[in-house]
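Colleague: One structure, pasted below without further comment.
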Amino acid sequence: MNLLNIEGAVIPVSGGASGIGLAICKRLRAEGAIPLLLDFNAQSLASAVREVYPEASEPGRYGYLLDVSDSKAVDACFADIQRDHGPVTHAVANAGIAQGASVLEITDEQWQRVMSVNLNGVMYFCRAAARQLVEAKQGAIVTTASIAGLMVKKERIAYTSSKAAIVNMTRSMATDLGAYGIRVNAVAPGVIETSMQKDKPASVMQATRERVPLERLGSPDEIAKVVLFLLSDMSSYITGQTIVADGGLT
C-alpha cells in the first residue's frame, strides 16, 4: 500500500527555482508526482526545471514564469496549468522574500514589497489553487511560514509580521475549505542552509548552530520531507496546523 498516494499528482510550487522550493520539487518528483515550478527569475527557472526533469524532451512545460504579487498573473498561470496538465491536485505556496529593517527604519516601499509577496502572493496563489481543488472535493495545500512567524527578532518587522499572518491565514483557509475535503497546513522552517544565509558572518552562523539543540542547521530537503508528509495521505486528518521544523531552536 502506498501511504503517500501522490504519484501523478499535479502540484504547482511557487518559488520553485531555488532553495526550499527547488528541494520540494525534487522530492515530489522522486515520489512520482508532477511538480510544476513557478518562479519570477527566468534564468533560475529554466535551470531548475532541467534539474528536476533531466529526462524531459520538453522541460519548459513544467516551468512557469510568475510574480505571485500580481493577482491577475497568478490566475492566468493557473489557467495555463489547467490547460497544460489538467486541474491541480495539491499546491505549495512557498515563494517569499526577506527584508531586514526595524520599525524606525523601514520604508513604505520595503514594507509593501514584503507584504505583496509574502502575504498577498500566498493568498492569491492559494485562492487560485483552491478554486481548482474544490471541483474534485479533495486535495491539500501547504504554505511556507517560518519560526519568525512564531517568535520575534530585532529589525525584521515586515518579515516576521508577514510570516505570522501566514500562520493564521493557513488556519482560516483550512476552516473555509474543510467542507470540500481540502486540507491546508503550514511548515515553519528554522534556520535552513539556503542562499538567504550565505551573506551572514561565519561567527553569526556558528552562534546559531550552538543555539540549536541538534547543533546544526537544517537542509532544504529536510523541509521538503515535511511538505511531502503534509501533502500526502499520511497526514489525512491534519489540517489548519503549523509544523515547526527547526531542530528544536524555538
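Colleague: For segment 36-111, just say rounded, prolate or oblate: build the C-alpha gyration tensor, square-root its eigenvalues into a ≥ b ≥ c, call rounded for a/c under 1.5, and beyond that prolate if a/b exceeds b/c, oblate if not.
Modeller: Cα axes put segment 36-111 in the prolate bin.
Colleague: A further question follows. Expressed as cubic angstrom per residue, what is the convex hull volume of the alpha carbon set of segment 1-85?
Modeller: Hull volume over Cα atoms, normalised by residue count, gives 97 Å³.
Colleague: To the nearest 500 deg cm²/dmol, what mean residue ellipticity at 222 nm is calculated for the chain from DSSP H runs of n ≥ 4 alone, each contributing -39,500 (n - 2.57), summed and divided by the residues? Before the final figure, lay out the partial values.
Modeller: On the way: 8 runs with 105 residues, N = 250.
Computed ellipticity for the chain at 222 nm equals -13500 deg cm²/dmol.
Colleague: For segment 122-176 and segment 43-62, what is the centre-to-centre distance using only Cα atoms, to the nearest Å?
Modeller: Each part's Cα centre sits 27 Å from the other's.
Colleague: A further question follows. Applying a 10 Å radius around every beta-carbon, put 109-115, 165-171, 232-238, 88-94 in order of their mean neighbour count, most first.
Modeller: Numbers: 109-115: 15.6, 165-171: 19.6, 232-238: 13.9, 88-94: 27.7.
So the peptides 109-115, 165-171, 232-238, 88-94, ranked by packing, come out 88-94, 165-171, 109-115, 232-238.
Colleague: Sorted by mean Cβ packing within 10 Å, highest first, what order do the peptides 20-27, 151-158 take?
Modeller: Highest mean packing first, the order is 20-27, 151-158.
Colleague: By average Cβ neighbour count within 10 Å, what is the ranking of 186-192, 51-57 from highest down?
Modeller: Packing proxy ranking, top to bottom: 186-192, 51-57.
Colleague: Hey, another quick one. Net charge near Val184, counting Lys/Arg +1 and Asp/Glu -1 over other residues with Cβ under 13 Å of its Cβ?
Modeller: Residues near Val184 contribute +2 overall.
Colleague: Quick check: net charge around Gly240, other residues with Cβ under 12 Å of its Cβ, Lys/Arg +1 and Asp/Glu -1?
Modeller: Details: positive: Arg171, Arg183; negative: Asp176.
It works out to a net charge of +1.
Colleague: Rounded, prolate or oblate: which fits segment 149-216 when a ≥ b ≥ c are the square roots of the eigenvalues of the alpha-carbon gyration tensor, with rounded for a/c under 1.5 and prolate only if a/b beats b/c?
Modeller: Taking the square roots of the gyration eigenvalues as a ≥ b ≥ c, segment 149-216 is prolate.
Colleague: Is the shape of the chain rounded, prolate or oblate, going by the alpha carbon gyration tensor and its root eigenvalues a ≥ b ≥ c, with a/c under 1.5 for rounded and a/b larger than b/c for prolate?
Modeller: Here the chain falls in the rounded category.
We did not get these values from a lab; they are worked out from the coordinates using the rules stated. This one's a predicted model, so the numbers in the text were calculated from it and none came from an experiment. A quick note on method: Cβ atoms are made from the backbone with ideal geometry, for glycine too, and the neighbour counts reach across all protein chains shown.
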